[in-house]
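Trainee: Take this structure first; my questions come after.
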Amino acid sequence: MTGQEALQLVRQMLKAASEEELEQIVSLNLSRLDGTFFNVLNQSVEQLRREQKPEIADALQRLGDRLVRMRTLI
């Protein structure tokens with residue numbers, strides 16, 4: 001996965017309208033979640049914190065933690 005693809009996927013996840021939609025996005029892309037994806041996700045969390053958007057940053061951080069757990073189950 002390229003950095004641009006990872007950023008696009010992070011944005012797609014953030015825009016999910018429901019938990020079901022988010023789960024569908026994750027399940028369709030679970031095999032693509034690699035080191036690049038998690039680096040971009042962590043950079044996005046840091047950027048959101050710098051932009052004084054802690055609620056979004058926290059939600060994205062929780063999503064990242066959840067994705068790591070899901071990846072380790074595969």
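Trainee: As an exercise, find the ratio Rg/Rh for the chain from alpha-carbon atoms, using the Kirkwood inverse-distance average for Rh. Don't skip to the answer; put the middle values down first.
Mentor: Details: Rg = 11.6 Å, Rh = 12.4 Å.
Using only Cα positions, Rg/Rh for the chain is 0.94.
Trainee: How far apart, in nm, are the 7 Å Cα→Cβ label points at Q43 and R11?
Mentor: 1.4
Trainee: While we're on this one: Do any GluC sites (Glu not before Pro) in the chain lie in a DSSP loop with no more than 11 other beta carbon atoms within 10 Å, and if so, which? The partial results should precede the final answer.
Mentor: Details: sites: E5, E19, E20, E21, E23, E46, E51, E55; in loops: E51.
Qualifying residues, ordered by number: E51.
Trainee: Now a separate question. Any idea of the accessible area per residue across the chain, 1.4 Å probe, to the nearest Å²? Show your work: numbers first, answer last.
Mentor: Working: 4910 Å² over 74 residues.
Dividing the accessible area of the chain by its residue count gives 66 Å².
Trainee: Using +1 on the beta carbon of Lys and Arg, -1 on that of Asp and Glu, and nothing else charged, what's the dipole of the chain about the Cα centre, debye to 20? Don't skip to the end; give the middle numbers.
Mentor: On the way: 10 positive and 11 negative charges, 37 e Å.
The calculation lands at about 180 debye.
Trainee: From largest accessible area down, sort S18, S31; use a 1.4 Å probe on the protein chains.
Mentor: Details: S18 45, S31 105 Å².
Accessible-area ranking of S18, S31, largest first: S31, S18.
Trainee: Only sites in a loop by DSSP and with at most 16 other Cβ atoms within 10 Å count here; which trypsin sites (Lys or Arg not before Pro) in the chain make the cut?
Mentor: Within the chain, the qualifying trypsin sites (Lys or Arg not before Pro) (loop, at most 16 other Cβ atoms within 10 Å) are K15.
Trainee: In sequence order, what are the phi-derived ³J(HN,Hα) couplings for segment 38-43 according to the Karplus relation 6.51 cos²θ - 1.76 cosθ + 1.60 with θ = phi - 60°, rounded to whole Hz, with x for glycine and proline?
Mentor: 5, 5, 5, 4, 5, 5
Trainee: Given a Förster distance of 22 Å, report the FRET efficiency between T2 and Q24 from their Cβ-Cβ distance, rounded to the nearest 0.05. Could you put the intermediate results ahead of the total?
Mentor: Working: r = 22 Å, r/R0 = 1.02.
According to the calculation, E is roughly 0.45.
Trainee: I'd like the accessible area for T72: 1.4 Å probe, protein heavy atoms, all chains in place, Å² to the nearest 10.
Mentor: 100
The values are calculated or read from the model by the stated rules, or taken from the named source; none is laboratory data. Remember, predicted model here, so these are calculated numbers, not experimental data. All Cβ positions, glycine included, derive from the backbone under ideal geometry; neighbour counts span all protein chains shown. Side chains are part of the model used for accessible areas, which takes the heavy atoms of the whole protein and leaves out ligands, DNA and RNA. Shrake-Rupley method; radii C 1.70, N 1.55, O 1.52, S 1.80 Å.
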